[in-house]
Amino acid sequence: MKKIVTMRIAFMAAVALILINFTSCSKNSGEAEGTGEKYLTCKINGEQREFNYFVNANDKPATDTVHFVVIGGWEKQDMVTGFSINMQVAEGAKEATYTVNDDSDLLLAGKYYIQTMKDGKIVGTTIFNGGDVDGSNFTLTITSLTKWGVKGTFSGKLRRLGGEDFVTVTDGKFSAPYN
């Protein structure tokens, strides 16, 4: 239970970071400086999806050791549907593959979320979690971890919070500059 609460806090922090990025300097609304690439794409139940609006990673680490990897993006500018990846590694993240399921101690989760809007306000959110919910799993491979940001791939089986249904995420890839 503590792990689920921790991951929910991390999810909310990721959403907050993305909102901060959305409202901050204009360079984040276009291509990342120096690379020309920022994206977050995957297939959900076999359907290609692009979460390329406002793609970013957490704030640039203050030290050489990266303890948090937070990546997120939205499908459209309306910020209703999004995908995020949250990982916390005490000993520091590396260019490696990390796999987690509901029995793992690693704090890693993939989240696909759809917000329900009414009269211009968010009235609910459906969240599919992979890695920290019973029957789910998530794999993150970090292929590049630099001063610019983080790049990699991901996949998993995500379960709807409070429900019994699942979505399968395949062919995930991302390139996210630090906020």
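Quick notes on this structure:
- Qualifying positions in the range 81-126 - open to solvent by 80 Å² or more (accessible area, probe 1.4 Å) and not polar (S, T, N, Q): 90, 91, 94, 95, 103, 105, 117, 118, 119, 121, 122, 123
- With respect to (1) touching a residue at least 12 places away in the same chain (Cβ under 8 Å); (2) among the aliphatic types (A, V, I, L, M); (3) more than 14 Å from residue 174 (Cβ to Cβ), the lone exception for residue 140 is condition (3).
- Extreme residue, farthest from residue 168 (Cα to Cα), among residues of the range 99-137 that are of a type in the set (A, V, I, L, M, F, W, C) and not in a strand (DSSP E or B): 106
- For the range 155-165, the condition of being modelled with pLDDT of 95 or more and under 17 Å from residue 96 (Cα atoms) holds for at least one residue.
- Odd one out for residue 131 among (1) open to solvent by 30 Å² or more (accessible area, probe 1.4 Å); (2) modelled with pLDDT under 95: (1)
- The residues on offer are 57, 109, and the sole one that is touching a helix residue (DSSP H, G or I) at 6+ places or on another chain (Cβ under 6 Å) and of a type in the set (A, V, I, L, M) is 109.
- Scanning the range 62-80 for residues that are surrounded by 13 or more Cβ atoms within 10 Å (Cβ to Cβ) and not in a strand (DSSP E or B) returns 66, 67, 75, 79, 80.
- Flag for residue 140 being closer than 25 Å to residue 92 by Cβ and outside any loop (DSSP other than H, G, I, E, B): yes
- Any chance residue 33 is touching a helix residue (DSSP H, G or I) at 6+ places or on another chain (Cβ under 7 Å), of a type in the set (Asp, Glu) and either within 13 Å of residue 179 (Cα to Cα) or modelled with pLDDT of 90 or more (or both): yes
- Of all residues in the range 136-169, those that are surrounded by 12 or more Cβ atoms within 10 Å (Cβ to Cβ) and in contact with a Phe, Trp or Tyr (Cβ under 9 Å, 6 or more places away or on another chain) total 23.
The values are calculated or read from the model by the stated rules, or taken from the named source; none is laboratory data. The shown structure was predicted, so the numbers you read here are calculated from the model rather than taken from an experiment. With ideal geometry, Cβ positions are generated from the backbone for all residues, glycine too; neighbour counts draw on all protein chains shown. Note: accessible area is taken over every heavy atom of the protein model, side chains too, but ligands, DNA and RNA are not part of it. Shrake-Rupley method; radii C 1.70, N 1.55, O 1.52, S 1.80 Å.
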